[in-house]
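The values are calculated or read from the model by the stated rules, or taken from the named source; none is laboratory data. Note that the structure is a prediction, hence the values are computed from the model and not measured. Here the Cβ positions follow ideal geometry from the backbone for every residue, glycine too, while neighbour counts run over all protein chains shown.
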Amino acid sequence: MRDDVNRYPESVSMRAQTSPRRGWAILFAPILALSAVISFAQTNNEALAQAEKGGSGPYAAVMVGDPTLPTHTIYRPRDLNVSQSGRLPIVVWANGGCANDGNRFRYFLTEIASHGYLVVAIGPIGPSSVEGPYGPPPPATAAPPIATQPTPAEIAKFMATHPPLTQAKQLNDAIDWAVGENSRKAGPYFGKLNTKEIAVMGQSCGGLQAILASADPRTTTTVIWNSGTPPGSNGLPGADAVRANLADLHAPIAYFSGDASDIAYQNSNEDFDALPKIPAFRAFEKGVGHGGTYQQPNGGTFGKVAVAWLDWQLKGDAIAGHMFTGADCLLCTDPQWVVRKRNLDPDPSLHADGRGANTAVPGLGAEVQPNGKTPVEGSIASIDEPHHRPAGWIVAGTPGVLPRESSYADPLGEVETLSVAGAINRQGHPFFTPLGSNGRACVTCHQPSDGMSISAATAQERWKASYGHDPLFAMVDGANCPSLPENDPASHSLLLDRGLFRIALPWPPRRPDGSAIDPDISIEVLRDPTGCNTSDLYGLHSARPMISVYRRPRAVGNLAHIISDLNVPQLPILKHFRFTAKAVEDPYPLDPSTGKMRNPNIMADARFDDLGDQAFDAAINHLGAKGLSAAQRQQIVAFEMQLYVAQSANSVIGPLDGEHGAPNLGPGVIAATKPMPGGAAFGFTPSIWADVGSSDPQDQFRQSVRRGFTLFNQPVMLRNVQHINSVGLGNPTKRACSLCHTAQMVGTDGAAGWIDIGVQNLPWAADDPSLPLFKVTCKPGAQQHMFLGPVIYTHDPGRALVTGKCFDVGAIVAQQFRGLAARAPYFSNGSAASLREVVDFYDRRFDIHYTDQQKQDLVNFLSVL
Amino acid sequence: MMHRRHLGIGILFGSAFLVINVASAEGKRVSFETCPIARDTSEVLCWMVEYQGKMYYLGIQGNQFADWYPPMLRHRVIVEDAKIAADGNQICGGIVLEDFVSSPVAELDPSCDTLLPAEDRYKPPAGYKEALVKMMMGGGPTEGLFRHPNPVIPPTPPFTARSFTVLYDFDFITSRMRSVPQVEAAADYARVAKWHATISAGRGAVKLSDGTVLVERDGIAERRAESLQKTLEALGVPKKQIEIHWNNTEAAPQGFEDWRNRSATITVHP
C-alpha cells in the first residue's frame, strides 16, 4: 500500500500518543465534552435556526419520526420528489456515546439531508436539550489532557450504570427499513430511494457501531467521525468493535477527527494503518476536538466535508471528490487540515508530466476562478454551489470504481448502467484514462450519468464548473472550429447548445486502404457559420480537404445488442441488406474472420463496423492520441460489450425493475436477453399494465406509457424516406415506427440502418442557421436520391460522406432508444431538444396528426426506456 | 429526362384504339405508363393505377422479396404486359390486373402524389394476411420469417459455363433485392470455379400499348456494367477475372416482355 499524500507534520506525529485506555475512553467522550455543551447551547440559536430552516442544501430538510420505525429518527428533504437529484441515497447514522437520541446530531444530519439524502439516525427524537451535545471546539489549552482520561476502574463503574442503549445492528435495521420502504407501494418513500448507494456513519461510540455494521454488503461507503477501534475488546455491548473487525470492511472509508486533543485521534490513525486494501481517507482538522463541529450552523466544517464525501461516493460527483482526490485536493491544501490517503488517487505515472491523472484537468472545480486566480486554499464553499455538482460526472483519469450497477438522476427519473463483468476499476482503464494530448478519455463524452452519451445540459454544467477548461471543450472537436478563440462560449456554441461535436471527414471519401473514392456527387458550401468548411486550414478547399459536420455522440451501452449478429437463421433477410440500393455498388464488407456480414449500426454514418476500429479512430481524432495498443483496444471493446444502460426509474411511477407492477425495462433485462435484431418489445408484454385503470397520477402515467407503446407499433404512412420507401416497400408504406426501430431490446434498425428520415436534408429538416448548409449535386448518370432528386440541400450529407453516393445523402443510422431521458437533445444534429420535439418531428414529417395526448403517450413511452 | 420515341401509331389514335381494345378484349395484355395511386384501407395500402378512365388494382404493400414491388408516389410507374382479369374482379375499387411487371421510373414526378383515404367499401383482398404470411414464411415456419425465395446454393464441381441475369427497373443502376441471389450466385460460382465473369449490360426500351416507346437514359448500360463489376469485386471475385461489356444502343422493343432488356448478364466461363 502506498500513501499518496502524507502531510503529517513532524510535530503532530500520529503515533506519538498511545494509550491502552483510549478504547474505553470513546464512550466517555460525550461526558467529557458536556461542560462545553452547557455553556455553548445557550448561544447556538443560529445553528438551531439553520436546522429549522432545513439546512443549506438545495432541498430543505426536516427531522421526523416514522411510526414504521419508532426506534430511529429520519432526516429527509421536505419534498421527496427531488426531481433534480433523483432518488435519495441512504445514510444511516449512529450517535456519539451510542446514544439513543435521534436528534442528538440534528444540525449536522439536517445539513446532509438537505443535499438530497435520506438519513436514518439511531434513536427516536429526544428532548431538544440533547441537540448539539458537542460544543464549539474549546481552546487548545482547555482540551482534556490524555493523562486525565478515565482509569479502568472508572470505566467499569460507568459501565455498570450506563450501558450503551443502542446496538450496531440498529444501523443494519435502518438499512433494512429504508430498502423496504423503497418497495412499499403505499409508503411515502416508494421508488424514491437509491438503495444501491448507502453510507454507514457514526461518531465516537457510534463510529464503532458503524464499523461493525459496515460488514453489511450493501454498504457503499463508511465514514467514521471522531472514532477508531481499540486493539482489543472494549467490552461495550452493541459497539464492541475491535481492530480485527476492520478486515470485514469492503467499501471506501474515511476517518475524520479533531486533532491530537481529540480522544479518538490516535485510534483513528491506527485504524487507518490497519485497514485492508480498500480506498481510505484520513484527515483531522486542527484546533478541533472530539466534539467536532457538529453543533455549529449546518454542522460546520464537518458538515461540508460530510456532504462532499457523500456526494462523491454516493452520487459520483467528481467535483465534490476533488476535496479528497489528487495531490492538491482541497483538504490537502487547506492549512487547517492534515490528510493521509490510500488507494484513492491514480498512479501518477499515467501522465508523462507526472501530474496525478485527476489533476491533469485544468480548471476543474474550484481550481480556477473566472478571474483566473487560484482560489483560497481549502475553499470549501465554492464546491457547494449547485452548478458545481453535475451529478455523477467522471473526470478522465480520476481514480475510483464504476460499480456493477450505477444509478444517476436524470430529468425524468433515473438512468442506470450495469457492468455485467462487475465493478470496473477506473484507474488505468483505457476507457477512463486520458490517452492523448487533450486530457480526454472515452468517458469524457460517454458519461454513465448521461446514459453513456453526454447531454447539452451537462456540457453547460461542465462549462460553468470548469470555466471552459474541461477537456470536454477541446478545440479539436469540442469547438465549432479549432481556429476560433479558446475559452469563448461562442466558440463552443454547438456543443453547449446542442451537444454537438465536430466531425471532420476527408473529401473525397477514402476507403479503408486509404485510396480515394470517386464520388458521384459534388459538394458546395452554401453557409458556413462555424467557419470551418471554408477555412484555409480545415475546410473543403484546404490542403487536406475536409468537410466538417456536427453530430451527437452515440450512447456507448447495449452494444452487444446494437451490433448483434445479422446472420440470424430466423431472419435470413437481414444479411442481404448489404445489397440493395443502400450499397449495391459497394456491398457491405464481410468480416474476414467469419465470412459473415457485420452489423454496421455503430456510428451515425456507419463508417466503422468494428468497435475496435471505432475506438482506435476516436483515440486519434477525439483524444489526441497516436492510437491504441492492442491491449487497450481489446480492453475498451471488452468493457463496451458488457456494459448496459437504460432508464431504471421514472419520476412518476418509480422503479422500472419488474416489480411494483412495472415492466422490467432496466439494463438488467437487456443484459439477460439474447440480442435479436427484430421484434422490438423493450421488455413490454401485451398484458403489461392492462389492468391499471385508476385515476391516480401513477396509474394514469402507466396507461399513457401503454398507449404510447401501442402507438409505436401502430402503422402510419411512412413516405419519401430514402432507403425505406426506395427499397421495394413502396412509397408510402403503411408501417409502424418499429419497422425501422426494430431491434428487440434497443430499438435500432435490425438491418443496415442508414436512412434519410429528413433530419439533415431540407426541406423536411428545418433550415438551422447555426449549422453549415451544403448544396449537393449528383453527377450526371448517378443513381439519385429517390425523393429529393439530383440537387439536395443538407446540413450533413451523412452516409454519403463515406460512400460518395448521391442516394446516401443525408442518410443517418437510426439510434437506440435506451436511456433517452438522460441524454437530450436528440437526433444526430441535436435538433430535437426534448422527446416531445422528437415526436413532433415525426408528426410533421409523416403528416400523422397525433393528438396532444397521443404525443404525450409516445413521450412517456420513450421516457421509460 | 426520360427519352420517349413515338412509333408509327400516335398517342391520340393509339389511346382511342386501346380503349376499345381493353374494353372489348379482357384477358389481353396491355402496357402503359401512368401515375400510381395509393389507396388507404383500414389495414394495408392498396396500389392502384388509373388507365384510360378506369381504376385498376395492382396489389398491396409487401416486403422486399415479394415477386412484385409496390410503386412509389412522386414517380411514375410503367406497367407491362398486364392481363385484365377476365371476370372483371375488383379489389379496393379497381379491376384486377394480373401477370404484369411494373417498374418505377427513376425520374421524379411530383405530380404523382395521390393518396386516397380509406373507405369502408374498399377492402384489401380476402386472405391477404395469409398470403403475406406465406410470402414471408416461405417454405414454412421452420425456415423462419422473410425466407429468401432464392437461396444461394454453394457451387460444386463439375463446373460448366453458366449465365446469371440481373434485372433492373427503368433507368435504375441499382438492382432490386430480388436480383441479389443472382449476383451472389454468379460471384460464388466465379470465385469457387476460379473462372472468368463476363458482364454484359444493356439499355432497355419499352413499347407501350399506345405505341409510345420509352427508352432508358443514355449511358445506363455502362453504369450498370461498372456497378456490377464493383459488386463482384466486393464479393471476392478478382478484378482480373472480370470483364465488362455494355451496349448503349437500346434494345428494339417488341411490346411484350420488354422488361427483359433492362438487364445485365453475368456469364461465368473458363
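Counting just the residues of the range A:790-815 that are within 14 Å of residue A:518 (Cα to Cα) and more than 14 Å from chain B (Cβ to nearest Cβ), which one comes out surrounded by the fewest Cβ atoms within 10 Å (Cβ to Cβ)? Step through it out loud before you land on a result.
Keep residues of the range A:790-815 that are within 14 Å of residue A:518 (Cα to Cα), which gives A:800-806.
Still in the running and more than 14 Å from chain B (Cβ to nearest Cβ): A:800-802.
On the way: A:800: 29, A:801: 25, A:802: 22.
Filtering first and then ranking leaves A:802.
For beta carbons closer than 6 Å, sequence separation of 6+ or different chains, a first residue in the range A:709-722 that is free of Cβ contacts under 8 Å to residues at least 60 places away in the same chain and a second that is surrounded by fewer than 24 Cβ atoms within 10 Å (Cβ to Cβ), the qualifying pairs are A:713/A:736; A:713/A:738; A:714/A:736; A:715/A:734; A:715/A:735; A:715/A:736. For first residues located in the range A:763-789 and facing chain B (nearest Cβ under 8 Å), partners that are in a loop (DSSP other than H, G, I, E, B) and of a type in the set (A, V, I, L, M, F, W, C) and lie 6+ apart or on another chain with Cβ distances below 6 Å form the pairs A:783/B:173.
For the range A:194-228, give me each residue that is in a strand (DSSP E or B) and of a type in the set (Ser, Thr, Tyr). Break it down stepwise before answering.
At the first step, the residues of the range A:194-228 found to be in a strand (DSSP E or B) are A:194-203, A:221-225.
Once the filter is applied, which keeps residues that are in a strand (DSSP E or B) and of a type in the set (Ser, Thr, Tyr), the range A:194-228 yields A:195, A:221, A:222.
The set of residues from the range B:172-229 being within 13 Å of another protein chain (Cβ to nearest Cβ), under 15 Å from the mean Cα position of the chain (by Cα) and modelled with pLDDT of 95 or more comprises B:203, B:216.
Out of the residues in the range B:231-259 meeting the condition of being among the charged types (D, E, K, R) and under 17 Å from residue B:167 (Cα atoms), tell me which one is modelled with the lowest pLDDT. If you could, list the steps in order and put the result at the bottom.
Initial filter on the range B:231-259 (among the charged types (D, E, K, R)): B:233, B:239-240, B:243, B:250, B:257-258.
With the extra rule that they be under 17 Å from residue B:167 (Cα atoms), the set shrinks to B:250, B:257-258.
On the way: B:250: 92, B:257: 95, B:258: 96.
Selected residue: B:250.
Each row is one residue, and each column tells you yes or no for (1) within 28 Å of residue A:479 (Cβ to Cβ); (2) in a strand (DSSP E or B).
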residue: A:745; (1), (2): no, no
residue: A:748; (1), (2): no, no
residue: A:763; (1), (2): no, no
residue: A:767; (1), (2): yes, no
residue: A:771; (1), (2): yes, no
residue: A:774; (1), (2): yes, yes
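Within the range A:815-829, the residues that satisfy the criterion of being farther than 10 Å from residue A:455 by Cβ and either small (Gly, Ala, Ser) or in a loop (DSSP other than H, G, I, E, B) (or both) are A:815, A:816, A:817, A:818, A:819, A:827, A:828, A:829.
Residue check: is residue A:421 farther than 24 Å from residue A:86 by Cα, surrounded by 23 or more Cβ atoms within 10 Å (Cβ to Cβ) and of a type in the set (A, V, I, L, M)?
Values: farther than 24 Å from residue A:86 by Cα: yes; surrounded by 23 or more Cβ atoms within 10 Å (Cβ to Cβ): no; of a type in the set (A, V, I, L, M): yes.
It is false that residue A:421 is farther than 24 Å from residue A:86 by Cα, surrounded by 23 or more Cβ atoms within 10 Å (Cβ to Cβ) and of a type in the set (A, V, I, L, M).
Taken over the range A:444-494, the criterion of being surrounded by 24 or more Cβ atoms within 10 Å (Cβ to Cβ), part of a loop (DSSP other than H, G, I, E, B) and of a type in the set (S, T, N, Q) is satisfied by A:480 alone.
For every residue, the table says whether it meets (1) free of Cβ contacts under 8 Å to residues at least 60 places away in the same chain; (2) small (Gly, Ala, Ser); (3) surrounded by fewer than 24 Cβ atoms within 10 Å (Cβ to Cβ).
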{"residue": "B:167", "(1), (2), (3)": "no, no, yes"}
{"residue": "B:174", "(1), (2), (3)": "yes, no, no"}
{"residue": "B:186", "(1), (2), (3)": "no, yes, no"}
{"residue": "B:199", "(1), (2), (3)": "no, no, no"}
{"residue": "B:205", "(1), (2), (3)": "no, yes, yes"}
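If I ask for residues that are among the hydrophobic types (A, V, I, L, M, F, W, C) and either in a loop (DSSP other than H, G, I, E, B) or more than 17 Å from residue A:87 (Cα to Cα) (or both), which ones from the range A:648-681 would you list? Step through it out loud before you land on a result.
Pass one, the range A:648-681, residues among the hydrophobic types (A, V, I, L, M, F, W, C): A:649, A:652-653, A:656, A:662, A:665, A:669-672, A:676, A:680-681.
If the condition is that a residue be among the hydrophobic types (A, V, I, L, M, F, W, C) and either in a loop (DSSP other than H, G, I, E, B) or more than 17 Å from residue A:87 (Cα to Cα) (or both), then A:652, A:653, A:656, A:662, A:665, A:669, A:670, A:671, A:672, A:676, A:680, A:681 are the ones that fit.
Taking residue B:251 as the residue in question, decide whether it is touching a helix residue (DSSP H, G or I) at 6+ places or on another chain (Cβ under 7 Å), more than 14 Å from chain A (Cβ to nearest Cβ) and touching a residue at least 60 places away in the same chain (Cβ under 8 Å). Before you say what the answer is, go through the steps one by one.
Values: touching a helix residue (DSSP H, G or I) at 6+ places or on another chain (Cβ under 7 Å): yes; more than 14 Å from chain A (Cβ to nearest Cβ): yes; touching a residue at least 60 places away in the same chain (Cβ under 8 Å): no.
When the stated conditions are applied, residue B:251 does not pass them.
Each residue in the range A:495-534 was checked for being touching a residue at least 60 places away in the same chain (Cβ under 8 Å), among the polar types (S, T, N, Q) and surrounded by fewer than 19 Cβ atoms within 10 Å (Cβ to Cβ), and 1 of them qualify.
Helices (runs of 4 or more DSSP H) wholly in the range A:256-348 with at least 3 residues that are under 24 Å from the mean Cα position of the chain (by Cα) - which ones? Can you show your working first?
On the way: elements: A:265-274, A:300-315, A:318-321.
The qualifying helices (runs of 4 or more DSSP H) are A:300-315, A:318-321.
Could you please let me know if residue B:234 is out of contact with any helix residue (DSSP H, G or I) (no Cβ under 7 Å at 6 or more places or on another chain), facing chain A (nearest Cβ under 9 Å) and not acidic (Asp, Glu)? Steps first, please.
Values: out of contact with any helix residue (DSSP H, G or I) (no Cβ under 7 Å at 6 or more places or on another chain): yes; facing chain A (nearest Cβ under 9 Å): yes; not acidic (Asp, Glu): yes.
Considered against the rule, which asks whether it is out of contact with any helix residue (DSSP H, G or I) (no Cβ under 7 Å at 6 or more places or on another chain), facing chain A (nearest Cβ under 9 Å) and not acidic (Asp, Glu), residue B:234 comes out as yes.
Could you say whether any residue in the range B:66-89 is more than 22 Å from residue B:171 (Cβ to Cβ), within 14 Å of another protein chain (Cβ to nearest Cβ), of a type outside the set (Ser, Thr, Tyr) and buried (at least 23 other Cβ atoms within 10 Å of the Cβ)?
no
Counting only helices (runs of 4 or more DSSP H) that sit wholly inside the range A:17-102, those with at least 1 residues that are surrounded by fewer than 21 Cβ atoms within 10 Å (Cβ to Cβ), among the hydroxyl-bearing types (Ser, Thr, Tyr) and at pLDDT below 50 are A:34-41. Would you confirm whether any residue within the range A:783-799 is farther than 29 Å from residue B:114 by Cα and of a type in the set (A, V, I, L, M)? No, every residue in the range A:783-799 fails to be farther than 29 Å from residue B:114 by Cα and of a type in the set (A, V, I, L, M). Could you say whether any residue in the range A:767-785 is crowded, with 23+ Cβ neighbours inside 10 Å, within 30 Å of residue A:393 (Cα to Cα), touching a strand residue (DSSP E or B) at 6+ places or on another chain (Cβ under 8 Å) and of a type outside the set (Ser, Thr, Tyr)? Yes; the residues of the range A:767-785 include at least one that is crowded, with 23+ Cβ neighbours inside 10 Å, within 30 Å of residue A:393 (Cα to Cα), touching a strand residue (DSSP E or B) at 6+ places or on another chain (Cβ under 8 Å) and of a type outside the set (Ser, Thr, Tyr). Please indicate, with yes or no, whether at least one residue in the range A:728-738 is assigned to a helix (DSSP H, G or I), away from chain B (no Cβ under 14 Å), of a type outside the set (Phe, Trp, Tyr) and surrounded by 23 or more Cβ atoms within 10 Å (Cβ to Cβ). Within the range A:728-738, none of the residues are assigned to a helix (DSSP H, G or I), away from chain B (no Cβ under 14 Å), of a type outside the set (Phe, Trp, Tyr) and surrounded by 23 or more Cβ atoms within 10 Å (Cβ to Cβ). Consider the range B:90-111 and keep the residues that are facing another protein chain (nearest Cβ under 10 Å) and in contact (Cβ under 8 Å) with a residue 40 or more places away in the chain. The one that is farthest from residue B:220 (Cα to Cα) is B:104. Of the strands (runs of 3 or more DSSP E) that lie entirely inside the range B:165-229, those containing 2 or more residues that are within 18 Å of residue B:102 (Cβ to Cβ) span B:205-207, B:212-215. Taken together, the residues in the range A:750-761 that are part of a strand (DSSP E or B) and either within 21 Å of residue A:529 (Cα to Cα) or without any contact (Cβ under 8 Å) to a residue 24 or more places away in the chain (or both) amount to 1.
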